[in-house]
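Worksheet: one structure, shown below.
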Amino acid sequence: MRLDRDINKQPSESDLVQLLLKRQAELNALLEVTLAINKNSAASVLFEMLEVILRVNLKVGRMRLLVKEGGQFGCVTGFGSYTEKPEDYQKICSLLGPLKTISSLSGYSDNLLGGYDFFVPVRHKNNTLAFVLIGDFNTVPELLSHELNYIQTLINIIVVALENKKLFHERVQRERFQRDIELAGEVQNMLVPLRLPKSEKFEIAATYLPHQNIGGDYFDFIRLNEHEFLWCIGDVSGKGISAALLMANLQASLRAWASVESNLDHLIRKLNDVVTKNTKGERFITLFLGRYNEVTREVEYVNAGHNAPILIANCKPTFLKDGSTMLGVFDDLPFVRTGRLSVPENALIFNYTDGLIESADEDVFVTEDELVKYLTDHCDLHSNQINKGILSEIQTAKNAQMHSDDITLLTLKIY
């Protein structure tokens with residue numbers, strides 16, 4: 001009866017003044033937290049402000065704030081004596097998981113919850129983002145409901161602000177990554193010759209189809225002098241920005257040395273040195289280098305672990321396999337064998353990367369014999385027609401898109 005009289009009695013003028021001052025302090029606290037959020041203050045600063053508000057303004061003696069991260073709740077801040085261990089919080093979450101609203105913990109006999117009086121959740125779209133455990137809460141019964149709701153509002157503002165900050169940071173990271181992808185794509189586009197030369201003595205055409213925005217394939221054509229030119233085709237392990245930058249570095253090195261180093265053995269060893277120093281064994285490159293002399297009609301080449309280009313001459317195939325291992329595997333190439341051959345009139349040299357013959361996602365693989373058959377049947381076509389036709393025929397014959405990897409085709413016809 002005495003408690004009923006205390007609850008129902010009219011508040012005095014002094015009580016009303018104290019209540020107004022308390023409300024003013026609460027509003028000021030919310031304003032300070034909001035200003036701190038607008039200033040993009042660190043989470044640690046917001047948690048410190050929260051602790052001060054709960055300790056000083058609301059007379060809370062014990063608190064734990066648990067926030068959901070990666071599917072699990074972890075304690076991000078708290079005060080007051082405690083004996084919980086990090087693994088105990090998962091048990092607490094399983095006990096309190098069914099609770100959706102502010103609840104008293106007086107009915108729980110679990111030792112972990114023995115020091116707490118109230119459970120205050122922060123929810124969004126039927127999901128609990130965080131919750132706070134309140135203990136030693138010195139407040140009058142008339143204000144209990146209001147102050148628990150105030151705590152919930154305060155925690156909600158902080159948790160949602162931190163969640164938005166995280167989402168904003170993730171968006172910035174995605175945009176930055178996308179920009180890096182675009183820059184790498186621009187770098188890679190610079191590697192691809194915009195125009196290939198035309199001549200009465202030869203015809204060359206290329207097709208480049210990157211699997212993603214940034215591919216790992218590379219081809220080039222370099223006019224060395226009036227009578228000689230060099231061509232190449234390569235494939236770097238992996239994809240992405242680092243692959244594009246590695247290829248850019250390889251191209252710069254190749255173009256710098258090709259004009260002064262006539263020995264392909266020396267040239268390929270220098271390129272291997274560049275790759276090993278830049279990748280430290282974490283990536284490798286397959287590369288084919290060929291040089292043609294229009295006067296002598298001789299081809300010199302080095303195949304560093306790449307798919308062997310196919311020479312079709314007099315309707316007979318020859319695979320250009322002589323060379324060495326892939327670049328970047330060894331600090332020093334264990335051997336280099338330079339291939340040499342004379343090219344008759346109306347010969348065809350077909351260069352390609354393994355995306356043409358392997359589509360692992362579709363479990364489709366093309367044999368060398370199948371490539372040879374198409375090339376011998378269509379060797380009278382122009383180079384660009386051969387590139388378009390061979391891919392189309394493989395897609396039709398295999399009923400596959402052949403889109404598991406980059407595809408690069410470089411067809412050279414020598415008249």
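The values are calculated or read from the model by the stated rules, or taken from the named source; none is laboratory data. In this text, all values refer to a predicted model and were calculated from it rather than measured experimentally. Because the Cβ atoms are built from the backbone with ideal geometry, glycine has one as well, and the counts that use them run over all protein chains shown. Accessible surface is based on the protein model in full, side chains and every heavy atom, while ligands, DNA and RNA are left aside. Shrake-Rupley method; radii C 1.70, N 1.55, O 1.52, S 1.80 Å.
For the pair residue 35 and residue 322, a Förster radius of 45 Å applied to the C-beta separation gives a FRET efficiency near 0.05, rounded to the nearest 0.05. Comparing 279, 301, 259 along the charge dipole axis of the stretch 244-302, the residue lying farthest to the positive side is 279, per the Cβ-charge model. Between the beta carbons of residue 376 and residue 223, assuming R0 = 35 Å, the FRET efficiency works out to 0.75 to the nearest 0.05.
For trypsin sites (Lys or Arg not before Pro), the sites in the stretch 99-154 that DSSP calls loop and that have at most 11 other Cβ atoms within 10 Å are 100, 125.
Each Cα pair under 8 Å and six or more residues apart adds its separation to the average, and for the stretch 158-269 the resulting relative contact order is 24 percent.
Modelled spin-label separation between residue 125 and residue 361, with each label point placed 7 Å from Cα along the Cα-to-Cβ direction: 2.8 nm. With both labels modelled 7 Å from their Cα along Cα-to-Cβ, the residue 110 to residue 172 distance reads 3.8 nm.
Ranking 412, 194 from most to least accessible surface, computed with a 1.4 Å probe over the protein chains only, gives 194, 412. Between residue 304 and 287, 288, 289, 324, the built amide H atoms are under 5 Å apart, and every one of these is 5 or more places off in sequence or on another chain. Taking all protein chains as they are arranged and a probe of 1.4 Å, the heavy atoms of residue 204 leave approximately 20 Å² accessible to solvent. If R0 is taken as 51 Å, the Cβ-Cβ distance between residue 99 and residue 249 corresponds to a FRET efficiency of 0.30. Give the separation of the Cα centroids, the stretch 308-332 to the stretch 117-160, in Å. Each part reduced to its Cα centre gives a spacing of 71 Å.
Both numbers refer to the Cα atoms of the stretch 55-137; Rg and Dmax are 12.1, 33 Å. Accessible surface ranking for 315, 232, 1.4 angstrom probe, highest first: 315, 232. Here the gap between residue 27 and residue 293, fully extended at 0.36 nm per residue and compared with their Cα-Cα distance, gives a gain of 87.2 nm. Ligands, DNA and RNA excluded, the heavy atoms of residue 79 present near 10 Å² of accessible surface to a 1.4 Å solvent probe. You can think of it this way: the chain between residue 263 and residue 395 has 43.6 nm of extra reach, that is 0.36 nm per residue less the Cα-Cα gap.
Over the chain, Cα pairs under 8 Å with separation of 6+ residues give a relative contact order of 12 percent. Taken along its three principal axes, the alpha carbon spread of the chain comes to 116, 44, 37 Å, from the longest extent down to the shortest. Computed over protein heavy atoms with a 1.4 angstrom probe, the accessible surface ordering of 94, 103, largest first, is 94, 103.
Normalised by the number of residues in the stretch 258-375, the mean separation of alpha-carbon contacts (under 8 Å, six or more apart) gives a relative contact order of 25 percent.
Its Cα gyration tensor gives the stretch 74-114 an equivalent ellipsoid, and the semi-axes of that ellipsoid, as √(5λ) in whole Å with the largest first, are 17, 13, 11. Taking all protein chains as they are arranged and a probe of 1.4 Å, the heavy atoms of residue 69 leave approximately 120 Å² accessible to solvent. In vacuo Debye scattering of the stretch 33-177, one point per C-alpha: log10 I(q)/I(0) at q = 0.17, 0.18 Å⁻¹? Once normalised to I(0) and log-transformed, intensities are -0.98, -1.10.
For the stretch 95-129, applying the loop criterion from DSSP together with a ceiling of 16 other beta carbons within 10 Å to the chymotrypsin sites (Phe, Trp or Tyr not before Pro) yields 108. Distance between the modelled labels on residue 194 and residue 90, one decimal in nanometres: 5.9 nm (7 Å Cα→Cβ projection). Volume of the convex hull of the stretch 199-325 (Cα atoms only), normalised per residue: 120 Å³.
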